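Report on the following structure.
The values are calculated or read from the model by the stated rules, or taken from the named source; none is laboratory data. Note that the coordinates shown come from a computational prediction; the quantities given were computed from them, not determined experimentally. Here Cβ is always computed from backbone atoms with ideal geometry, including for glycine, and neighbour counts include all displayed protein chains.
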């Protein structure tokens, strides 16, 4: 899947979390979202007269909403493509929030013992790595519970 096709597919499926997204669809669409950001930010600059963040203008807010929704849906479909639930996207957030009290407790009471902080950081880092690694993993070549292989199905 090329850049144009991936961008069209990503836009067409911006509100669809069912199905699968190939590696190329995910990465080309991410590039398109970033490429769209540059002119949007320039328009934001023209309206505000400054590159400093002095509030968000309607153009930027509309783009941010579109970007966020599109990113989440294509991310979930990409996880589906490697036969993982979209909920795995939340794993790093859940681990970060679950370990936050431990980090504060560790820092305030047992600052001398760095082992707990190291273990917490390792667990959080591994969860981020595993989810991020799945974005680079090859597609599951067979149909799975999320649908047929998108490389073999016309979009």
Output the residues belonging to segment 9-27 that are buried (at least 16 other Cβ atoms within 10 Å of the Cβ) and in a helix (DSSP H, G or I).
9, 10, 23, 24, 25, 26, 27
Kindly indicate which of 42, 87, 61, 46 is exposed (fewer than 13 other Cβ atoms within 10 Å of the Cβ), modelled with pLDDT of 75 or more, under 20 Å from the mean Cα position of the chain (by Cα) and over 29 Å from residue 139 (Cα atoms).
61
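Does any residue of segment 89-96 turn out to be in a helix (DSSP H, G or I), within 28 Å of residue 124 (Cα to Cα) and assigned by TED's automatic domain parsing to the domain that holds residue 149? Step through it out loud before you land on a result.
Residues of segment 89-96 that are in a helix (DSSP H, G or I), as a first pass: 89-96.
Among the residues that remain, those that are also within 28 Å of residue 124 (Cα to Cα) are: 89-96.
Those still in the list that are assigned by TED's automatic domain parsing to the domain that holds residue 149 too: none.
Within segment 89-96, not a single residue is in a helix (DSSP H, G or I), within 28 Å of residue 124 (Cα to Cα) and assigned by TED's automatic domain parsing to the domain that holds residue 149.
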Candidate set from segment 121-155 (those that are modelled with pLDDT under 70 and surrounded by 10 or more Cβ atoms within 10 Å (Cβ to Cβ)); member that is nearest to residue 8 (Cα to Cα)
155
